[in-house]
1. Could you list all residues from the stretch B:24-49 that are part of a loop (DSSP other than H, G, I, E, B) and open to solvent by less than 40 Å² (accessible area, probe 1.4 Å)?
2. Please find, among B:Phe315, B:Phe337, B:Phe372, the residue that is of a type in the set (Phe, Trp, Tyr), open to solvent by less than 30 Å² (accessible area, probe 1.4 Å) and more than 9 Å from chain A (Cβ to nearest Cβ).
3. Take the residues of the stretch A:535-579 that are among the aliphatic types (A, V, I, L, M) and open to solvent by 50 Å² or more (accessible area, probe 1.4 Å): which is nearest to the other protein chains (Cβ to nearest Cβ)?
4. Do we have any residue at all in the stretch A:112-124 that's in contact with a helix residue (DSSP H, G or I) (Cβ under 8 Å, 6 or more places away or on another chain), of a type in the set (Val, Ile, Thr) and either without any contact (Cβ under 8 Å) to a residue 24 or more places away in the chain or not in a loop (DSSP other than H, G, I, E, B) (or both)?
5. With open to solvent by 10 Å² or more (accessible area, probe 1.4 Å), β-branched (Val, Ile, Thr) and under 24 Å from B:Leu122 (Cβ atoms) as the only criterion, which of B:Val233, B:Val177 stands out?
6. Among (1) open to solvent by 50 Å² or more (accessible area, probe 1.4 Å); (2) touching a residue at least 40 places away in the same chain (Cβ under 8 Å); (3) part of a helix (DSSP H, G or I), where does A:Arg314 come up short?
7. If you scan the stretch B:336-356, which residues turn out to be under 26 Å from A:Ser585 (Cβ atoms) and assigned to a loop (DSSP other than H, G, I, E, B)?
8. Quick one: which strands (runs of 3 or more DSSP E) sit completely within the stretch B:268-310 and have at least 3 residues that are open to solvent by 70 Å² or more (accessible area, probe 1.4 Å) and touching a Gly at 6+ places or on another chain (Cβ under 6 Å)?
Amino acid sequence: MIPPERTRNFSIVAHIDHGKSTLADRLLEATHTIDPRQMTSQVLDSMDLEREKGITIKARAVRLQYEAKDGQTYALNLIDTPGHVDFTYEVSRSLQACEGAILVVDASQGIEAQTLANMHLAVEQHLVIIPVINKIDLASADPEMVLAELEETLAIPREEVILASAKEGRGIDEILEAIVKRIPPPSGEASTPLQALVFDSHYDQYKGVVAYVRVANGTLHDHERIRFMATGVETDILELGYFRPQPVPTRRLTVGEVGYVASGLKSIADARVGDTLTDADRPAAEPLPGYRQALPLVFAGIYPMRGDEYPLLRDALEKLHLNDASFVYEPESSVALGFGYRCGFLGLLHMEIVQERLEREFGLELIASAPSVEYRVKRLNRADELVVDNPAKFPPAGEVEAISEPWVSATVITPTDYIGPIMELATTRRGDFINMEYLDPKRVNLHFEMPLAELIIDFYDQLKSRSSGYASLDYAYLGYRLGELVKLDIMVSGEPVDALSLIVHRSNAFRVGKSLVEKLKELIPRQMFEVPVQAAIGSNIISRETIRAMRKNVLAKCYGGDITRKRKLLEKQKEGKQRMKRIGSVEIPQEAFLAILRMNEGQ
Amino acid sequence: MSLSTHHLYVHVPFCRLVCAYCDFVTVGGRGADIASYPDLLLAELAMRPASGHLATIYFGGGTPSLLPADRVARVVGAAIDRWGNAPTEVTLEANPSSRETPDWAGLRVAGVNRISLGIQSLRDAQLQMLARGQTADEGLAAYAAVRAAGFENVSIDLIYGIPGQSRADWREGLNLVLALAPEHLSLYALQLALAPDEWAAPPRPGALRWRKRMVPRQDDGLAAAQYELAEEVLDAAGFEHYELSSWARPGFESRHNSAYWERRPYTGIGAGAHSFDGRSRSWNERDLDAYMARTKAGERAMADSEQLDEPTRAFEAIALGLRRVTGLSRAAFANEFGTDPVERFAAAIGEGADLLEVDHDRIRLTTRGRLFANEALVGFAP
């Protein structure tokens, strides 16, 4: 049992791909927490998806036992954090469980948008920062440039910075010593009622919900009755322990210690990140500060490609939700796409992860509608606000008094060469330019405020393509602002097509309507009658195209050698017809909807 | 005709110039192989079973008129030997060109009694648009030569829907052809496949470029009007419209082609030729070299075959039967498949609304249905 004064709780934070996971692996090896020969690279990222995307989705906490140069043995709790902007809140809770953070910066990339975001989160939590410049082995490494950036932008003195190559194991000892020497031991009262911060949780099919906790005050005992203060749920502890990195059961976790609580609870929503665990018999007077429920910001319809997979999708969402309470879902149906679910996510990456997990872990083929945000609609003569996340559910234009939408503050770090194209991108996306800071003579930090709706549609891809891949992005939610927004309806043969409705800024309505209508004209096959395709705001038609009627469809020749071939063509045509959706009397291939949904992403 | 009637198709893939719009199995520039090809046809014929009574032979292509008359005679003779009877109709497709003047008299002696002339158009501008290396005069000359040789059953192919061909041009073209007084007419809308499917010979790159230029200049509304005009003009001229693209003077329907629409068994020999025995279909190697090599080696150069299950056979019965202007007999269908087609395909017939008409004997396409046959047929597909 190592006393609190020889315990250190720390995280590693970094921009994506700056080498956080590799550094964690080296720390585990150097402290013999894991045998290098048994090491699959990046032990902390336990899901395949994380390894592939190079990000850490679920935080894990591992206890390292380290014999320091002073001859003493220390317990170092490495608390891993999700490395993406969508999970800012989760990151902040993980950091709340620490006294220090290793800030990893790539020696050739320098400071990126998430470096700044993570640094700010760490500073807010009053953490001690250990700056590390990683990947100094690379030919393109320019540690001097990064040292200057750290000094100028983050006021980090160069003598505090450790130069390392996690890949080659350089700088690891120095980092371990810095953890012991620079990061303070945890403080807290052992005798006061229990307060343990839940900084992560996952669902285990045998142990139920497993909460990852950091004991702030008091002591956790095995098998005691506990209460989650925000949700009010009580349960008996099934198992208490810590990770090395495999779970090691223990009798108690005392002040400053980090470990896990297997609760037997069935729903991860009962043990929310940021909640405080206390002793049910002797509860703390107050929870730890900072809890809030993570709110979904980005919404999309998720539909099975094949209608008969709807029940599978429902089961998959239920199961996935056991593991990730931060997305929400409710059934919806669309004429074009059939039965599916409207889902809310923390952000775009979160949406992508959920969708990929559904496809990969449950073998589903999915169609996602273009992502949207939650609008607040003030109606005429009504006091209450309507919250709408699906354009199809908007009230008629005549009833709308005002619409507001979520705005974010966006930080873009880019080489100076790309300032022009990025400014142009941000302004066409209704972004307000706030300011520009030079990180060094060749790189700037651009700050914009813009509607989230504009950011979630293709903005990141555009940013990357306009900056040859160099620009990085981070954003934070600001709040709701009024906007000149209108609902754009698309009508085929006079019938509105629900799946294609969208909310656009009034100034873009004509352009968007025109391009949608033109695209649909290309995509909808000619019918035996003329089909008008229109874009409308309320009853006001702003764009129209006409699909000419097909005048004949007959095979000119059908002789002995043609029969098989022509039969196959008709069979194929029938298959295609079966996949078509009927809007009024018009048959529209699903491909047309998909192409439009994809095009929305590129508006 | 007894049930055991059989039909023979002979594919001759050679062309002096391959037309850019053509999807058939054709080869250009292989004149050297023409001499040896008939021997391979004879070899294949000897390998294939010959059942029933041989009613017709059809030499199709390609350009069968490139075969010397004595070789045609040997193939016809071998078929007669193989089946043990002489067919009543022997058709040969011919290309009207002054560069390849067949020995028409020799072909008659060989047993050919019906010539199908690929005139396509009697206007030079349209022939040029089709990029066929032939003139209207050559078409007229070929027709005259065929008649001079004594052929009493001549069919002419015409193409409509050619970019630049107006309704008036088409009327004029029909009248020019009617003045020749053929016994049979096949009128084909120019259909240009841009995306090749696995079942058609892939277009050569040059042909594909040509089609891409042509397609935007085609107007299906005009083509539909031209079709309706043909129905009107030919009806007035005493022709009977008996199949979607075929018209004949009474008694001169193509017996061979009718066999396809009536799903009677046929044997196809030559590169890419298809055969059908009532239950399964098989086809030969499309590639001329593969066909020649395998046949030379003494095996049948079959590329693949398919068994037709009941729903597929029923669908083919409908799809082919509806190509006949008189439609298909409900009783004959019920006799073969056990149910009245109106009952079995109630949904498809309901959907077909103004495209199909049903009376107590038959189902047929309406006038509008003949322009939208594919739309009417899709609902019947298995």
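1. Filtering the stretch B:24-49 for residues part of a loop (DSSP other than H, G, I, E, B) gives B:24-26, B:29-30, B:35-36, B:48-49.
Of everything in the stretch B:24-49, those that are part of a loop (DSSP other than H, G, I, E, B) and open to solvent by less than 40 Å² (accessible area, probe 1.4 Å) turn out to be B:Val25, B:Thr26, B:Arg48.
2. Details: B:Phe315 fails: more than 9 Å from chain A (Cβ to nearest Cβ); B:Phe372 fails: more than 9 Å from chain A (Cβ to nearest Cβ).
Step by step, each of B:Phe315, B:Phe337, B:Phe372 is checked, and only B:Phe337 is of a type in the set (Phe, Trp, Tyr), open to solvent by less than 30 Å² (accessible area, probe 1.4 Å) and more than 9 Å from chain A (Cβ to nearest Cβ).
3. Of the residues in the stretch A:535-579, the ones among the aliphatic types (A, V, I, L, M) are A:535-537, A:541-542, A:547, A:549-550, A:554-556, A:563, A:569-570.
This time we only want the ones that are open to solvent by 50 Å² or more (accessible area, probe 1.4 Å), so: A:541, A:569.
Details: A:Ile541: 26, A:Leu569: 7 Å.
Going through the qualifying residues, I end up with A:Leu569.
4. Among the residues of the stretch A:112-124, not one is in contact with a helix residue (DSSP H, G or I) (Cβ under 8 Å, 6 or more places away or on another chain), of a type in the set (Val, Ile, Thr) and either without any contact (Cβ under 8 Å) to a residue 24 or more places away in the chain or not in a loop (DSSP other than H, G, I, E, B) (or both), which makes the answer no.
5. Only one candidate qualifies: B:Val233.
6. (2)
7. Correct list: B:Phe345 only.
8. Numbers: elements: B:274-276, B:280-284, B:302-307.
Because the criterion is at least 3 residues that are open to solvent by 70 Å² or more (accessible area, probe 1.4 Å) and touching a Gly at 6+ places or on another chain (Cβ under 6 Å), no strands (runs of 3 or more DSSP E) in the stretch B:268-310 meet it.
The values are calculated or read from the model by the stated rules, or taken from the named source; none is laboratory data. Being a predicted model, the structure only gives us computed values, none of them experimental. Quick reminder, even Gly has a Cβ in these numbers, built from the backbone with ideal geometry, and neighbours come from all protein chains shown. Protein only, heavy atoms only, side chains kept; ligands, DNA and RNA dropped before computing areas. Shrake-Rupley method; radii C 1.70, N 1.55, O 1.52, S 1.80 Å.
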